[in-house]
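Notes follow the structure.
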Amino acid sequence: MADNQNTLEPPLSYDEIIDTNGLRVPFVPNIITPNIEKPLRNGRYEAGELNHLKSLLKPDDRLLDLGGGLGLVAATAAKLLPKGEVLSIEAHPGLLPMIQEVWRLNTVSNATLKHGLISKTSGAPGKFYARTDFWASSAEPKSRPFTAEHDVQTLGLDTLIRTFRPTIISCDIEGAEQDLFDDLDLSQVGAIVLETHPKVYGTKARDALLQTLQSKGLAAHPQPRPSTVYILERTPNWPPENPRTLLATCMKDEGPFILEWLAWHKAIGITDIVVFSNDCTDGTDTLLDHLDARGDLTHLPNPASLLGSGYYQPTALNYVQTMPVFRAADFMLSIDVDEFVNIRTPEGTLESLLENLPAFDVLSISELNHGTNDQMHFQPGWVTDLFPAHQSLKPGRWRAKAGVKSLTRLSKRIEKVRNHRPDLAIPPADAVWLNGSGNPVSSLADDPNENGLDSRRARDLVSLEHYPLRSIDSFLVKAWRGDVVIKGKQVSNAYFRRRNRGAHHEMDLSNGKSLARAVHAEFEKDMTLMALHEACNAAHQARIDDLNADPAYRARRAEIVNIAEEQRTPPPAKGTDGDAPNN
């Protein structure tokens, strides 16, 4: 769609279409000159700007494209914005039919083209100087010879921002950006992809431009190498005021352990909890339904069951990221019901943790495994009381790696949240990724397949207390139930051996337990809730009795008891206790 139809030239004539970066572009030689033909054909033309936009744009964004060029930026953005809109401004009259043809070839329907020169405010028509290479054309006549001079309507950026309400701006206007943003209200703009032109106005003016935008809350990403293109993104206040943190998890037959875990995480400051369940036999689903009705969490059937998929956890995590609660959240965390986020500040809350950390994209929290603590039988009660002993906090080098779960700050810098860590939408070098001591780490950002960290000196501010076994009887139920991540995957005896660590007692959980007991006291006032909890305890014990009556499980129990006996030795020498990353 285009405004100012009287400025357009006759339809283009061309014999070839170039495929570049997923777009179809007509090869018009007097526009696509040799200087850009080669990079256009090999996919390098405007690749940086296009990739930056791809990392920033969300489906409902509104992009203001200043300097439409060939129309590639607008066409790419339009395809990424099924619920959004693009407004493209181009001053060169000879490019308008080219942009329209690019949009037609690529079935762009949610973009508008305006012909005009960009200025701070609207005013009288200005001069525009066309050059042989269209990308060198500009509103200044002195930098190089020009082939034609045009009077072009001036469009005020202040008016465009007020009427179009862009959430992102792409700007490549050959030097006219120098003081364009001075005195403008950019509070609704979340990011700018800006091509600077220091050859036109010098590096001091470029730095002043970046400083102006920073003063308006738009900070430039670090540059991994010298470049004229900058990504500037709005920096929210840190720490966020009243942050919303979403916790998502999957459950199957975890009834006896839900209320303690829920009280703990509500108490430390988790605001939204979504639980997906499947194939429960112990009353877990009924208990979760009651908690949902109370407003304590959201309980949903695992969509993997509905889709016939065996990938329970990945399917559920993909689904939760389509929900309104995800879009409203500031942070997200995926943990299991046997994992407790232990915040080691004096207050023990998520808010206090954020106050003790710099602004981050990802905070990866190292697990600390708690073994059976020599307990054979299931006892109703809090696992944080029953199983205090854990693996070493000071493992040797070869046993230092531990699995992580990650508190992810939800922004356009994150592509997707996964169980252990997110996928980035920005270059790894640009990410602020911390461990549980608040120290920067790079290994997880650099390797998207990595789910663990060196846990030495990585739990000073927060740790993930992991109770993967509980008692030997409860571990038997876990083995019978199967893995919560993938259908049919079994929990092995090797899993037990690696995680049955219990020679150390240094970790302090008193803050979390104190906070959780106050929330749990409110649960105890609900007689129906407590009756459902007791029914889950009874069902868990009944399952244990059935398994112990099964010869195959009696044999496996004997194997596990033997492993535990082998491990019941004097405390190991310093630095020999450790664990493998959590699965």
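The values are calculated or read from the model by the stated rules, or taken from the named source; none is laboratory data. This is a predicted model, so every value here is computed, not measured. All Cβ positions, glycine included, derive from the backbone under ideal geometry; neighbour counts span all protein chains shown.
Residue under question is R397, and the condition is that it be in the same structural domain as R557 (by TED's automatic domain parsing) and over 29 Å from I414 (Cα atoms); does it hold? Spelling it out, R397 is indeed in the same structural domain as R557 (by TED's automatic domain parsing) and over 29 Å from I414 (Cα atoms). Scanning segment 496-525 for residues that are part of a loop (DSSP other than H, G, I, E, B) and either of a type in the set (V, I, T) or surrounded by fewer than 15 Cβ atoms within 10 Å (Cβ to Cβ) (or both) yields H505, E506, D508, E524, K525. The condition of being modelled with pLDDT under 95, in contact with a helix residue (DSSP H, G or I) (Cβ under 9 Å, 6 or more places away or on another chain) and among the polar types (S, T, N, Q) does not hold for Q211. Taken across segment 389-396, residues that are of a type outside the set (G, A, S), within 17 Å of N435 (Cα to Cα) and not in a loop (DSSP other than H, G, I, E, B) do not occur at all. How many of the residues in segment 410-431 are in a loop (DSSP other than H, G, I, E, B) and out of contact with any Lys or Arg (no Cβ under 9 Å at 6 or more places or on another chain)? Total satisfying the criteria: 4. Among the residues here, T249 qualifies as of a type outside the set (A, V, I, L, M, F, W, C), outside any loop (DSSP other than H, G, I, E, B) and over 26 Å from L57 (Cβ atoms).
Entry remark, segment 80-110: residues being among the small types (G, A, S), under 23 Å from W135 (Cβ atoms) and surrounded by fewer than 23 Cβ atoms within 10 Å (Cβ to Cβ) number 1 in total.
Yes/no matrix, rows are residues, columns are (1) of a type in the set (D, E, K, R); (2) under 19 Å from the mean Cα position of the chain (by Cα); (3) at pLDDT 95 or above; (4) under 24 Å from E260 (Cβ atoms):
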site: G308; (1), (2), (3), (4): no, no, no, no
site: T322; (1), (2), (3), (4): no, yes, no, no
site: V337; (1), (2), (3), (4): no, no, yes, yes
site: F340; (1), (2), (3), (4): no, no, yes, yes
site: L350; (1), (2), (3), (4): no, yes, yes, yes
site: A359; (1), (2), (3), (4): no, yes, no, no
site: I365; (1), (2), (3), (4): no, yes, yes, yes
site: N373; (1), (2), (3), (4): no, no, yes, yes
site: H377; (1), (2), (3), (4): no, no, yes, yes
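Out of curiosity, is F360 assigned by TED's automatic domain parsing to the domain that holds P427, part of a strand (DSSP E or B) and among the aromatic types (F, W, Y)? No, not satisfied. Scanning segment 137-152 for residues that are in contact (Cβ under 8 Å) with a residue 24 or more places away in the chain, outside any loop (DSSP other than H, G, I, E, B) and touching a helix residue (DSSP H, G or I) at 6+ places or on another chain (Cβ under 9 Å) yields S138, H150, V152. Just to be sure before I move on: is S187 among the small types (G, A, S) and buried (at least 19 other Cβ atoms within 10 Å of the Cβ) in the structure I sent? No. Residues in segment 280-291 that are without any contact (Cβ under 8 Å) to a residue 40 or more places away in the chain and either surrounded by 16 or more Cβ atoms within 10 Å (Cβ to Cβ) or in contact with a helix residue (DSSP H, G or I) (Cβ under 7 Å, 6 or more places away or on another chain) (or both): C280, D285, L288. Note on segment 1-119: no enclosed helices (runs of 4 or more DSSP H) hold 2 or more residues that are in the same structural domain as G156 (by TED's automatic domain parsing), of a type in the set (F, W, Y) and closer than 25 Å to H197 by Cβ. E90 meets the conditions (1) in contact with a His (Cβ under 7 Å, 6 or more places away or on another chain); (2) acidic (D, E); (3) at pLDDT below 90 in every case but one. The failed one is (3).
Just one residue in the set R456, R399 is touching a Gly at 6+ places or on another chain (Cβ under 7 Å) and more than 30 Å from G255 (Cβ to Cβ); that residue is R399.
A single member of S411, S443, S437 is farther than 22 Å from R497 by Cβ, without any contact (Cβ under 8 Å) to a residue 24 or more places away in the chain and either touching a His at 6+ places or on another chain (Cβ under 9 Å) or not charged (D, E, K, R) (or both), and it is S443.
Here is a yes/no grid of residues against (1) in contact (Cβ under 8 Å) with a residue 24 or more places away in the chain; (2) surrounded by fewer than 23 Cβ atoms within 10 Å (Cβ to Cβ):
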| residue | (1), (2) |
| --- | --- |
| D182 | yes, yes |
| A205 | yes, yes |
| A208 | no, yes |
| S215 | no, yes |
| A220 | no, yes |
| C250 | yes, no |
| W261 | yes, no |
| D272 | yes, yes |
